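Worksheet for the structure shown next.
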Ligand SMILES: Cc1cc2nc3c(=O)[nH]c(=O)nc-3n(C[C@H](O)[C@H](O)[C@H](O)COP(=O)(O)OP(=O)(O)OC[C@H]3O[C@@H](n4cnc5c(N)ncnc54)[C@H](O)[C@@H]3O)c2cc1C
Ligand code: SF4
Ligand code: SF4
C-alpha cells in the first residue's frame, strides 16, 4: 500500500513568498514541505530587479552573514523621461545610500532564489523541486487538506496549505478564491535582456566609483512609444538588466511585439551608448499582476492562504513586489504557526493573516494606490505627452538665448496647451494626485 | 454615428510613422539565449479549437507572445511551437476568444533561467 505523506504545512511555489513562508514555519518546528515545479528553485523566476533588504531582514535578521548573492547596492535611483531624440533625467544619488547592508540591491533571481531556498532548507524545510502541483485537495466540506503533485504516488497532506504560485494563479482560481483570470488591462507583460559588460565599463558609463555603487533607472515616454508602461536600466555586477513593460492590453490593441519594443528602446540614441559592446546573455519575459487592492482574491479559506503575486500583491508604481511577497509569506507562515497552536485551521482563524497584512505596508500601500491602474487605464496618453513636453520645455529653456524670458515662459505654456486642452491637463493632474493619495 | 468611448478603450491608434520606428527582430537570436528542459512528450500550450482561430479577426497571439510561439502556416492555420515558451501566461489571458489551453509544463521541464 502506498504510504500517506503527511506534513504540518505545505507551501506551493519557491518564489520569495513561498520560501519566506516555508522558512518561517520550519524554523518554529513545523514539519514543512516546499514544492517547486522548476528544475531548481528560481529556474522560473524572472524580474527587473531590485530587492529591498527590509523584507529580508524581517525574515532573516542575520542575512548579511549568510552572504546573499547580491549584485550591486543602489546608490543612485530615479527617472528618465525619454523623448524620441532626447532625455530629461531626474535621479538622486547620495552618500546616505552607502551603508552595509544597503537598503536595496540589484539581484538576479535564478541566483538569489536558490540562496533563499537554501536558508529555508537549513531551517528544516523539505524543499522538493521538479514537481508541479496539479490541484489542491479538499474534503467534502471544501476544506483544503493537501495537494496532488505530478509525481507518482504524489498526494501530500497537511492541515494547512500556503499557495505562493505567482502571477499565473491557476490553483487560486480553481479554489474559487478569485473568479477568473485578470483581464489584459490589469496585467503587464515585461521583457528583459541581461547584457554582460565588464564592471569597469559599467562604472565608467554610470559614473560609479566601484562595485560598492549601483544605479537603478526607471524610464518613461518614448521608451514605451508613449504608451502606458515603463522601461528600466539597472546595473548588475558585471552586466546590465534592460527591459520594457506595458499593459498586455496595449500589446494586443496596437499589435505590438514586445521584443521589437525592447529592440527599439535599446537603439535609442540616449540608451545605446550604455550597452555598447555588451554581450546579450539572456532574454526572458514575465507578467506583473496589476490587480490592485480592489480586485485581490480572498486571502484565506478553510485550510489555505494565498501570498505574493498569486494574490496580486504588487506596488507597480514603486516597482515593488518581492518585498510584499516575502512579507506576506512570512505573515502567512506566522499565522499557520498560531493555527497549529490553536488547532484551528478555519477561514475565520486564518483571516488573522489578512488583518496582519492590513496593518503592514503590504496592504496599506496597495490601498493607497488602489486607483493607480485605473488612472493609467483611462489616461493612456499621459506618459507620452508629458515626457515629450518636458523634453521640449528643456530644449526651449536651455536654448532661449536673446528671447525675453517672459516670452519664453509664455511659449512653454503654449506648448502644453497645443498638445492637450488646458482642462485635459488639469484633469490629468487631479486624477494623478488622487491615484497617488489613494 | 457617435461611438461611445468605453472605460479602458481609449486607445488611439499608433501613427504609421511611429510604427515604422520598430526594428525587425529575429526572435531566434533571443531564444537561443534561453535554457530549456524541453518535454518532447507533452505540449503544455495547445489551441483548443482551430476553427475558432479562423474567426479571430486580429490574431493578437502572433504578436504579443514574447518568444513567438504562435505562427501562422501558409494556409493561415495557427501553429504552436510550445518548446520556446517561457511560461509567461500572456496567451492564456490575452487570447480574446479564450482559445488557448494553457497548462504548466510537467515538473522539471520548460524554461530554466540562468540569470532571471
Ligand atoms: C520585469 C519585472 C520586473 C520586476 N521588478 C521588480 C523589482 O525591481 N523589485 C521587486 O521587488 N519586484 C519586482 N517585480 C515583481 C516581483 O518579481 C514579484 O512580485 C515577485 O517575484 C513575486 O513573488 P512570488 O513568490 O509571489 O511569485 P514568484 O516569484 O513568481 O514565484 C512563484 C513560484 O511558484 C512556482 N509555481 C507556480 N505554480 C506552481 C505549481 N502548480 N506547482 C509548483 N510550483 C509552482 C513557480 O515556478 C515559481 O517559482 C518585477 C516583476 C517583473 C516581471
Ligand atoms: S488569439 Fe486566440 S483565437 Fe486568435 S488566433 Fe490566437 S489562439 Fe486563435
Ligand atoms: S505563455 Fe507566454 S511565452 Fe508561452 S506561449 Fe503563451 S505568450 Fe508565449
- Note on the structure: Least to most buried among A:241, A:121, A:140, by other C-beta atoms within 10 Å and fewest first, runs A:140, A:121, A:241
- Shielding by other protein chains, A:188-197, mean Cβ within 10 Å: 3
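What list do you get for A:109, A:257, A:148 if you sort them by fewest beta carbons within 10 Å?
Values: A:109 25, A:257 20, A:148 14.
Least crowded to most crowded, the residues run A:148, A:257, A:109.
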- Query: Out of A:265, A:232, A:206, any idea which swings most in a Gaussian network model of chain A, alpha carbons joined below 10 Å?
  - Reply: A:206
- Query: GNM, chain B, Cα, under 10 Å: largest mean-square fluctuation among B:77, B:98, B:24?
  - Reply: B:24
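How would A:255, A:405 line up from fewest to most surrounding beta-carbon atoms within 10 angstrom?
Numbers: A:255 15, A:405 9.
The most exposed by this proxy come first: A:405, A:255.
Taking the range A:221-331, how much of its Cα-Cα pair set, in percent, is spaced more than 21 angstrom apart? Each step should come with its number before you reach the end.
Details: 2995 of 6105 pairs.
Distances greater than 21 Å cover 49 percent of the Cα pairs.
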- Query: Which semi-axes, in whole Å and largest first, does the equivalent ellipsoid of chain B have when worked out from the alpha carbon gyration tensor as the square roots of 5 times its eigenvalues?
  - Reply: 29, 19, 15
- In degrees, nearest 10, the alpha-carbon axis of helix A:422-437 is tilted away from the dominant principal axis of the alpha carbons of chain A by 30
- Can you grab the distance from the C-alpha centre of the range A:4-56 to the C-alpha centre of the range A:241-293, Å, no decimals? 28
- For chain A, count the residues as N, evaluate 2.2 N^0.38 Å, and divide the Cα radius of gyration by that value, please. 1.05
- Task: Measure nothing but the geometry: give the 0 to 90° angle between the long axis through the Cα atoms of A:16-27 and the longest principal axis through the Cα atoms of chain A, rounded to 10°.
- Result: 40
- Task: With everything on Cα atoms, drop me the angle between helix A:405-419 and the longest principal axis of chain A, reported from 0 to 90° to the nearest 10.
- Result: 50
- Message: Of all beta bridges DSSP finds with both residues in chain A, what is the antiparallel percent, to the nearest 5?
- Response: 70
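Per residue of A:244-255, how many C-beta atoms from partner chains lie within 10 Å of its own C-beta, taken as a mean?
Numbers: counts 0, 0, 1, 1, 8, 7, 3, 7, 11, 8, 9, 9.
Per residue, the average neighbour count from other chains is 5.
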- Message: Counting only other chains, and only Cβ atoms inside 10 Å, what mean value do you get across the residues of A:180-186?
- Response: 4
- Over chain A, what relative contact order in percent results from Cα pairs under 8 Å that are six or more residues apart? 20
- Residue with peak Gaussian network fluctuation, chain A [Cα springs, cutoff 10 Å], from A:260, A:165, A:118: A:260
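Could you work out the mean projected area of the convex hull around the alpha carbons of the range A:80-201, in square nanometres to one decimal? Mind showing how you got there, number by number?
Numbers: hull surface 56.4 nm².
With every direction weighted equally, the projected area is 14.1 nm².
Taken together, the values in this text are just the output of simple stated rules run on the coordinates, not laboratory data. Model, not experiment: these values are computed from the prediction. A quick note on method: Cβ atoms are made from the backbone with ideal geometry, for glycine too, and the neighbour counts reach across all protein chains shown.
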